[in-house]
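Presented below is the structure to which this report refers.
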Amino acid sequence: MSLSRRDILAGMGASAVGALAMTSTEKAYAAAHSTVPLQFYGGFASGLRPDQSPPSAAGGSVVWSGLTGKRQVALTFDDGPMPDWTPRVLKALARHDVPATFFLKGINVLRYGTIHRGSVGTHELGNHTWNHPDLARLDYLGCTDQLARTSAIIAQVYGTRPTLFRPPYGHLAGSSLLAAAEQKLTTVLWNVQMNESRFTDKPAGIVASVGNAAQPGSIILGHDTGPRDRLVTIDNLDAIITRLKADGFTFTTVSKLCGLR
Ligand SMILES: [Zn+2]
């Protein structure tokens, strides 16, 4: 499932038209999230370069899931590496001999990069920006810097450049799509989410929730650090993997699931 840049821009055109007739809920959201106007078009992060020179990439791609008939899924963990939970996640994955994809914050790689030293070759390591800004509100130069610095530190620490990028909060605008495409990064969202905060009081629920939602080709979002309510995922990771295996699923990285290089 991928979109050409033309598709993406066409989709944005449709939502821009939709903005002319905002509902009251949308108006309230817009008021609550209003910010300093960006360089172009008063508040939306444009997909144009500031000097309006042409993009250096012909197009980019965005995936939410893999197009596969096989019962195969990709577990993904965002926001690490951090000493609190990342080692626990790695141990659980190793116990089940399961690969995953980790979307790393550059600043955490700088501080705690050694945690993933043994991951190269087993797990996939992707770019989750330097310090987790909302890229929907960041202009082209800001997005370019966030992605480039993070790819550089990942290359420096692990000897391999990432080819995947996950936007914090799943927030995207023209600027981040353009920056990712120009840096040859595939933008990766997800179609199944570990809804940690819904299951803090009933931990077994997260196993059923993820198990019931998984489909062939699912990209499953989790986190390997963060607020305590997310621990429910880590505490139940063995059970989640066991459930998915019992349902006939095997595990792979996002690049393999989506047939990327
Ligand atoms: Zn994140």
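The values are calculated or read from the model by the stated rules, or taken from the named source; none is laboratory data. Model, not experiment: these values are computed from the prediction. Don't worry about glycine lacking a Cβ; one is built from the backbone with ideal geometry, like all the others, and counts go over all protein chains shown.
Does any residue of the stretch 48-65 turn out to be of a type in the set (D, E, K, R), without any contact (Cβ under 8 Å) to a residue 12 or more places away in the chain, out of contact with any Phe, Trp or Tyr (no Cβ under 8 Å at 6 or more places or on another chain) and surrounded by fewer than 21 Cβ atoms within 10 Å (Cβ to Cβ)?
The answer is yes; a qualifying residue exists.
For the list (1) within 16 Å of the ligand (Cβ to nearest atom); (2) in contact with a Lys or Arg (Cβ under 9 Å, 6 or more places away or on another chain), I need the number of the one condition that Gly66 fails.
(1)
From the list Tyr158, Tyr169, Tyr140, exactly one residue is hydroxyl-bearing (Ser, Thr, Tyr) and at positive phi. Which is it?
Tyr169
Mind telling me which of the residues Asp145, Asp84 ends up being touching a residue at least 40 places away in the same chain (Cβ under 8 Å), out of contact with any strand residue (DSSP E or B) (no Cβ under 6 Å at 6 or more places or on another chain) and either of a type outside the set (A, V, I, L, M, F, W, C) or within 22 Å of Gln193 (Cα to Cα) (or both)?
Asp84
Of Arg161, Arg261, Arg243, Arg230, which residue is at pLDDT below 95, out of contact with any Asp or Glu (no Cβ under 9 Å at 6 or more places or on another chain) and outside any strand (DSSP E or B)?
Arg261
Could you please let me know if Leu90 is at pLDDT below 95, hydrophobic (A, V, I, L, M, F, W, C) and touching a helix residue (DSSP H, G or I) at 6+ places or on another chain (Cβ under 8 Å)?
Spelling it out, it is not the case that Leu90 is at pLDDT below 95, hydrophobic (A, V, I, L, M, F, W, C) and touching a helix residue (DSSP H, G or I) at 6+ places or on another chain (Cβ under 8 Å).
Residue check: is Gly222 closer than 20 Å to Pro81 by Cβ and in contact (Cβ under 8 Å) with a residue 24 or more places away in the chain?
When the stated conditions are applied, Gly222 passes them.
Can you tell me which condition Asp84 does not meet? The list is (1) within 16 Å of the ligand (Cβ to nearest atom); (2) surrounded by fewer than 16 Cβ atoms within 10 Å (Cβ to Cβ); (3) within 20 Å of Gln183 (Cα to Cα), and all the others hold.
Asp84 satisfies every listed condition except (3).
Pairs under 8 Å by beta carbon, first residue under 19 Å from Lys184 (Cβ atoms) and assigned to a loop (DSSP other than H, G, I, E, B) in the stretch 115-141, partner away from the ligand (no atom under 15 Å from the Cβ) and not aromatic (Phe, Trp, Tyr), six or more apart or different chains?
Partner pairs satisfying both residue conditions: Trp130/Asp145; Trp130/Arg149.
Scan the stretch 105-125 and tell me whether some residue there is within 22 Å of Leu260 (Cβ to Cβ), at pLDDT below 95, within 14 Å of the ligand (Cβ to nearest atom) and within 13 Å of the chain's Cα centre (by Cα).
No, the stretch 105-125 contains no residue that is within 22 Å of Leu260 (Cβ to Cβ), at pLDDT below 95, within 14 Å of the ligand (Cβ to nearest atom) and within 13 Å of the chain's Cα centre (by Cα).
Assigned to a strand (DSSP E or B) and within 16 Å of the ligand (Cβ to nearest atom): which single residue out of Thr187, Thr150 fits that description?
Only one candidate passes the filter, namely Thr187.
How many of the residues making up the stretch 164-173 are touching a Ser or Thr at 6+ places or on another chain (Cβ under 8 Å) and either surrounded by fewer than 19 Cβ atoms within 10 Å (Cβ to Cβ) or at pLDDT 95 or above (or both)?
Selection size over the stretch 164-173: 5.
Give the residues of the stretch 199-227 that are in a loop (DSSP other than H, G, I, E, B) and away from the ligand (no atom under 16 Å from the Cβ), sorted by residue number.
Result: Thr200, Asp201, Lys202, Pro203, Ala214, Gln215, Pro216, Gly217.
Restricting to the stretch 228-261, give me the number of residues that are within 16 Å of the ligand (Cβ to nearest atom) and among the acidic types (Asp, Glu).
1
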